[in-house]
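Enquirer: Before I ask anything, let me first share the structure, which is written out below as structure tokens.
The values are calculated or read from the model by the stated rules, or taken from the named source; none is laboratory data. What you see is a predicted model; the values in this text were computed from it and never measured. Cβ: placed from backbone, ideal geometry, glycine included. Neighbour counts: every protein chain shown. Remember, those area values only see protein heavy atoms, side chains included, never the ligands or the DNA or RNA. Shrake-Rupley method; radii C 1.70, N 1.55, O 1.52, S 1.80 Å.
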Amino acid sequence: MKIVSIVGARPQFIKVAVVSRVLREQFHEVILNTGQHYDDGMSGIFFRELGISNPDYNLGVGSGSHAKQTGEMLAKIEAVLLKETPDWVLVYGDTNSTLAGALAAAKLHVPVAHVEAGLRSYNRAMPEEINRIATDHISDLLFCPTFSASEILRGEGISRGVYVVGDVMYDAVMRYLAIAEKQSRILEILRITPKKFLLATIHRPSNTDNIENLREILCAFGSVNELIVFPVHPRTRKAIEALGTRANDNVRFIEPVGYLDMLWLEKNARLILTDSGGLQKEAYAVGVPCITLRTETEWIETVKTGWNAVVGTNRELIVETVKNFVAPDTHPDLFGDGHASEKIATHLLEFK
Ligand code: UD1
Ligand code: UDP
């Protein structure tokens, strides 16, 4: 059975790293990288560090407006699918690469399996929300990370082909955290002490393209009386440069780091500030409290258990929450048993 895995953006490289390893034991997997992310620190480093096979195709699509980027991907993915004639196409998450992959396949009547199905923010201003809804509604197999995600799908009338398998990003943490502990030298390189720093990332358009929100966040970071390590996404770097202001010296801007260094930073941070979906889950997985710089989250379980505070972008609220956040005593399993990838492979086999 031939499966084409379609990836293109940073979090998808991490997801495919764990899924691909399992798929390749049983199937013929072809990796198609759309090239949505292309800087080495956003792309190549993950292939090398996580041992992902070289992509069979790199479409080199790169950056652009949503329509231009997605449209170019669609046309190029279609050509590959016509050539490869796979039995399944696997798409991951909620980026433009996800939508383009699912749509190109569905139009060619190639069955689509969606990894990380059923998530909703109920905020259609997020490009990802459109991508999620459209992808879920044209997928044949929907692999949900949580039961609440499967309930959301049921509410939208999707119940066939839905399986709760757990979260593949949790699989990745389980697999790579011990390796990160052995291999990462990031604390030494940055000369920082475990639990004596906060870790921050932002890249959502609502925070980078909205100058007011970006300014509030940077002011909040500068008003926190602790060191903040901030690996800066290229989109955010451009926005901060355009804004022309800097945060205070307690904020340490660094280039994006590889996954092993990132996991080790997360594990050793006192607290994580982010608008990233992946980081909210990883914060929970490594047992570090998270403050989400958005007005809503798809990962509601992390909030319900008390490990994630969704605070938006108000400066005072961010600073107050950093000061007063108390981690709960309980930490139930939310994202499966670390074997979501195996369950995905098993379900795909049923459709051989
Ligand atoms: C994309 C996804 C988002 C995901 C994020 C992960 C969409 C709509 N968004 O957002 O869901 O959370 O990836 O990081 O698919 N850039 C570079 N070098 C790169 C990549 C990007 O400089 O290697 C810059 C370019 O200026 C580009 C901008 O970042 O225009 C945004 O990149 P893009 O891929 O469009 O969206 P992300 O914000 O990365
Ligand atoms: N990540 C990384 N290096 C960084 C920032 C993030 O390896 O400098 C990893 C992070 O650990 C997580 C994933 O990238 O696994 C999250 O991706 P991102 O925040 O870009 O996207 P999202 O999850 O919001 O879609």
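Enquirer: Taking the Cα centre of each part, how many Å lie between region 191-232 and region 132-157?
Expert: 32 Å
Enquirer: Under a plain spin-label model, where a point goes 7 Å from the Cα along Cα-to-Cβ, how far apart in nm are residue 196 and residue 237?
Expert: For the pair residue 196/residue 237, the computed spacing is 2.8 nm.
Enquirer: If you stretched the chain out fully between residue 226 and residue 323, how much longer would it get, using 0.36 nm times the residue separation minus the C-alpha to C-alpha distance?
Expert: On the way: separation 97, 0.36 × 97 = 34.92 nm, distance 0.99 nm.
Difference between extended and current length: 33.9 nm.
Enquirer: What FRET efficiency comes out for residue 160 versus residue 209 if R0 is 41 angstrom and r is the Cβ-Cβ distance? Round to the nearest 0.05.
Expert: 0.60
Enquirer: How high is the relative contact order of region 19-121, given as a whole-number percent (alpha carbon pairs under 8 Å, six or more residues apart)? Walk me through the numbers on the way to the answer.
Expert: Details: 118 pairs, mean separation 22.6, N = 103.
The normalised contact order for region 19-121 reaches 22 percent.
Enquirer: On a 0 to 90° scale, report how tilted helix 10-26 is relative to the longest principal axis of the chain, with both axes built from alpha carbons and the result rounded to the nearest 10.
Expert: With both axes taken from Cα atoms, the answer is about 40 degrees.
Enquirer: Given the whole protein assembly as supplied and a 1.4 Å probe, what does the accessible area of residue 66 come to in Å², nearest 10?
Expert: 110 Å²
Enquirer: I've got another one for you. Short version: ³J(HN,Hα) in whole Hz for each residue of region 245-257, in order, from phi by Karplus 6.51 cos²θ - 1.76 cosθ + 1.60 (θ = phi - 60°), x for Gly and Pro, what are they?
Expert: So the Karplus estimates, Gly and Pro as x, are 10, 10, 7, 5, 5, 6, 9, 9, 6, 10, 5, x, 10 Hz.
Enquirer: Along the Cα-to-Cβ line of residue 189, 7 Å from the Cα, sits a label point; which residues in region 253-273 have backbone N less than 17 Å from it?
Expert: Inside the label zone: 253-269.
Enquirer: With a cap of 16 neighbouring Cβ atoms within 10 Å, and only residues DSSP puts in a loop, list the chymotrypsin sites (Phe, Trp or Tyr not before Pro) found in region 175-227.
Expert: Passing sites in region 175-227 do not exist.
Enquirer: Which value results when the Cα radius of gyration for the chain is divided by 2.2 N^0.38 Å?
Expert: 0.95
Enquirer: Any idea what the relative contact order of the chain is, in percent, if you count C-alpha pairs under 8 Å spaced at least 6 apart?
Expert: Value for the chain: 15 percent.
Enquirer: Mind giving me the nanometre distance, one decimal, between the label points for residue 83 and residue 54, set 7 Å out from Cα along Cα→Cβ?
Expert: 1.5 nm
Enquirer: So, one more: Obtain the nm distance between the two label points defined at residue 181 and residue 303 by a simple spin-label model: each point lies 7 Å from its Cα along the Cα-to-C-beta direction.
Expert: 3.2 nm
Enquirer: Quick one: which of 2/304; 182/238; 195/281; 323/343 span more than 30 angstrom between C-alpha atoms?
Expert: Correct reply: 2/304; 182/238; 323/343.
Enquirer: Gap in Å between the Cα centre of region 63-95 and the Cα centre of region 267-304?
Expert: Distance between centres, Cα-based: 30 Å.
Enquirer: Note down the relative contact order for region 90-231 as a percent, whole number, built from C-alpha pairs under 8 angstrom at least six residues apart.
Expert: For region 90-231, the relative contact order is 17 percent.
Enquirer: Give me the dipole magnitude in Debye, nearest 20, for the chain about the Cα centre, with unit charges on the beta carbon: positive for Lys and Arg, negative for Asp and Glu.
Expert: Roughly 480 debye, rounded to the nearest 20.
Enquirer: If I fit a long axis through the Cα atoms of helix 315-324 and take the longest principal axis of the Cα atoms of the chain, what angle between them do I get, 0 to 90°, rounded to 10?
Expert: 80 degrees
Enquirer: How big is the charge dipole of region 1-67 about its Cα centre, in debye rounded to the nearest 20, if each Lys and Arg gets +1 on its Cβ and each Asp and Glu gets -1 on its Cβ?
Expert: Computed charge dipole of region 1-67: roughly 160 debye.
Enquirer: Further question: For residue 170, what charge total do you get from the other residues with a beta carbon under 10 Å from its beta carbon, if Lys and Arg give +1 and Asp and Glu give -1?
Expert: After counting each charged neighbour, the total is -3.
Enquirer: Before I look further, what does the chain give for accessible area per residue, probe 1.4 Å, in whole square angstrom?
Expert: With all protein chains present, the chain gives 41 Å² per residue.
Enquirer: Fully extended, how many nm does the chain gain between residue 68 and residue 122 (0.36 nm per residue separation, minus their Cα-Cα distance)? Let's see the in-between values first.
Expert: Details: separation 54, 0.36 × 54 = 19.44 nm, distance 2.49 nm.
Contour length minus Cα-Cα distance gives 17.0 nm.
Enquirer: Name the long-range amide H neighbours of residue 273: under 5 Å, sequence gap of 5 or more, or other chain; modelled H, no Pro or chain starts.
Expert: 199, 200, 201, 291
Enquirer: A follow-up question, please. Ranked by accessible surface with a 1.4 Å probe, highest first, in what order do 68, 195 come?
Expert: 68, 195
Enquirer: I would also like to ask the following. Compute the angle between helix 259-268 and the longest alpha-carbon principal axis of the chain, please, reported from 0 to 90 degrees and rounded to the nearest 10.
Expert: For helix 259-268, the angle is close to 40 degrees.
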